[in-house]
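The next block holds one structure in the form of structure tokens; read it before the comments.
The values are calculated or read from the model by the stated rules, or taken from the named source; none is laboratory data. Note that this is a predicted model, so its numbers are computed, not measured. Positions of Cβ are generated from backbone atoms using ideal geometry, with glycine treated the same way; all protein chains shown enter the neighbour counts.
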Amino acid sequence: MSSFAGTLVIAEMQARDLLRRRAVMVLFVLLPAAFYYSVPGTEDYGLLAGSMGVSWAVAAAGIFGILGWRRADPRLGLAGASAFQGLVGRLLLLQGLGLVLVALFAPQILARSSTIIADPPLLVVSLALMALVSVPLGLAIGALVPRELEGTLVLIGVIGVGSSVPMDSAVARALPLWGPLEVMQVAAGRNDVDLAPAFLHTAFAGALLLLVADLFWRRRNRIHH
């Protein structure tokens with residue numbers, strides 16, 4: 001099985017598996033809306049709640065996606081697919097789903113919270129970055145923990161801390177969601193934030209999380225390149 005073909009096959013198989021889980025797909029769409037609409041649209045915290053809802057939905061899909069395939073990965077390994085191919089296949093699928101979610105959800109935020117958004121295109125970028133970094137976050141958590149319950153609790157901790165600590169603190173900068181949240185602040189009208197570190201932080205966090213996911217998932221399944 002070639003690297004490219006194997007990755008596409010895994011992405012297709014993961015897509016079919018997710019489509020069979022209708023409840024998961026419904027929650028994938030409804031969770032960000034529940035986060036966002038629980039806060040008045042004219043409050044700044046509403047933007048944070050909406051972005052965290054996107055992160056929660058996408059990362060949770062990554063956790064359930066990778067842990068739901070614990071028995072399938074060894075069989076894929078026997079067919080010649082590496083653990084990294086499995087991760088990349090899921091990464092591509094979930095990144096696509098995350099961007100679709102942003103495309104569905106961003107217009108609602110732009111319409112409902114228009115009075116507190118200074119740069120609408122940049123807000124969409126911040127939501128896209130949130131989705132993109134949340135996929136490897138979910139995959140990394142799924143590779144590190146043995147069951148969905150533990151993964152969900154870890155995700156609650158990461159998102160909860162990320163939404164509560166000051167953005168200029170060392171703790172906030174150590175968390176993977178700091179970059180997208182910085183971009184969101186500029187979109188909301190804050191002018192004293194440099195976007196370059198935020199974009200670099202997002203890219204570094206995503207790459208590091210994917211590396212962690214690959215390392216621990218290969219260890220767990222004893223699949224070697």
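If Leu200 satisfies all but one of (1) under 19 Å from Arg90 (Cβ atoms); (2) surrounded by fewer than 12 Cβ atoms within 10 Å (Cβ to Cβ), what's the number of the condition it fails? It fails just one condition, (1).
If only residues of the stretch 116-164 that are hydroxyl-bearing (Ser, Thr, Tyr) and at pLDDT 90 or above are counted, the one that is surrounded by the fewest Cβ atoms within 10 Å (Cβ to Cβ) is Ser126.
Residues in the stretch 165-191 that are more than 18 Å from Pro120 (Cα to Cα) and not hydrophobic (A, V, I, L, M, F, W, C) were compared, and the one that is surrounded by the most Cβ atoms within 10 Å (Cβ to Cβ) is Pro176.
If you take just the helices (runs of 4 or more DSSP H) that sit entirely in the stretch 144-225, which of them hold at least 1 residues that are in contact (Cβ under 8 Å) with a residue 12 or more places away in the chain, of a type outside the set (Lys, Arg) and farther than 25 Å from Ser114 by Cβ?
Those helices (runs of 4 or more DSSP H) span 148-164, 178-187, 195-221.
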